[in-house]
Amino acid sequence: MLTSLGVFLNREEIKRLKLKFNKRAVLGSVAILATIFLILQKLKSEKILAWYSVNSTANSPFLEPGDIVFTSRFSPIEKNDFVVYERNDPEYGFGTYIFRLKGVGGDTIQMKKGQLFVNGDNSDTNLNLKYSYLASNSEFQKIKKIDNNVEFFLVQEDTYIIQLDNHSKNSLDFSLVPREFEVDVSIQQNNDILGTSGSFDNFSPVIVPKGKVFVLGDNRHNANDSRNIGFINQETILSKVIWKL
């Protein structure tokens, strides 16, 4: 017959042991988290790894306000990657911006009906982009039944401007009229991309200058990207987005 040996403890002793164990576990977790935080801060200060909070809808639907993106300056950057760059904007001041890298020095870019072509190829083929459309009241009501959170603006008694991504639009059993934007003359005069007759959705072939890049937002009708501000200097790119929360 087997017997077992045990140590008998009263309830108070058991409570003290549990409390001591819990304190050690908490202190150990805090130490680990503090170490991770210090490592991340060091990586960020060296601009090896950084993280940013998204605060606009310029890259919706892929990046939404409140998303956290992590970036690395050592990851190789390719076209269609989201890049982080610095710019001193005349209206908003110095800041950090995130857009897709679409064209680099030597590329020929052209916009046709809201789609970007790079060196003759459609570079938007696999992207779920967002555009603005005009919708009547009846069309708007049908859309709301599908997506109650659809973004919209009432512009006339029976006309709405709505924003839909490609997936949502393609699910409709009726067609919508794209909204056409009038480009301010001052933008055309100071923009080598649009020229005097181009628009945000259509412009003639342009060659990206050496040392410059062309960036676009996924929310094509609500992004202050290269169509507005022109080419940006390649040297101002800080890093590439490698992960998002």
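The values are calculated or read from the model by the stated rules, or taken from the named source; none is laboratory data. For clarity, every value in this text was computed on a predicted model and none was experimentally measured. Here Cβ is always computed from backbone atoms with ideal geometry, including for glycine, and neighbour counts include all displayed protein chains.
Working carefully through the options S75, S45, find the one that is polar (S, T, N, Q), in contact with a Lys or Arg (Cβ under 6 Å, 6 or more places away or on another chain) and either at pLDDT 95 or above or surrounded by fewer than 17 Cβ atoms within 10 Å (Cβ to Cβ) (or both). Give the derivation first.
Values: S45 fails: in contact with a Lys or Arg (Cβ under 6 Å, 6 or more places away or on another chain).
Going through S75, S45 in turn, the sole match is S75.
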Which one of these does V183 not meet: (1) loosely packed, with under 15 Cβ neighbours inside 10 Å; (2) within 25 Å of the chain's Cα centre (by Cα); (3) not small (G, A, S)? (1)
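Determine, yes or no, whether D107 is modelled with pLDDT of 95 or more, closer than 25 Å to I207 by Cβ, over 22 Å from the mean Cα position of the chain (by Cα) and surrounded by 14 or more Cβ atoms within 10 Å (Cβ to Cβ).
Details: modelled with pLDDT of 95 or more: yes; closer than 25 Å to I207 by Cβ: yes; over 22 Å from the mean Cα position of the chain (by Cα): yes; surrounded by 14 or more Cβ atoms within 10 Å (Cβ to Cβ): yes.
Here the answer is yes, as D107 does meet what is asked.
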Qualifying residues in the stretch 198-245 (those that are out of contact with any Pro (no Cβ under 9 Å at 6 or more places or on another chain), in a loop (DSSP other than H, G, I, E, B) and of a type in the set (D, E, K, R)) - the one nearest to G103 (Cα to Cα): K210
Under 22 Å from the mean Cα position of the chain (by Cα), in contact (Cβ under 8 Å) with a residue 24 or more places away in the chain and under 23 Å from L63 (Cβ atoms), is that true of N122? no
Within the bounds of the stretch 217-236, is there any residue that is acidic (D, E) and surrounded by fewer than 17 Cβ atoms within 10 Å (Cβ to Cβ)? yes
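Yes/no matrix, rows are residues, columns are (1) touching a helix residue (DSSP H, G or I) at 6+ places or on another chain (Cβ under 7 Å); (2) more than 21 Å from Y92 (Cα to Cα); (3) not charged (D, E, K, R):
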| position | (1), (2), (3) |
| --- | --- |
| E182 | no, yes, no |
| V206 | no, yes, yes |
| N219 | no, no, yes |
| T236 | no, no, yes |
Does any residue of the stretch 102-109 turn out to be of a type in the set (A, V, I, L, M) and touching a helix residue (DSSP H, G or I) at 6+ places or on another chain (Cβ under 6 Å)? no
So the check is Cβ under 7 Å with 6+ separation or different chains; which pairs have a first residue in the stretch 208-231 that's at positive phi and a second one that's part of a loop (DSSP other than H, G, I, E, B) and among the polar types (S, T, N, Q)? G230/N191
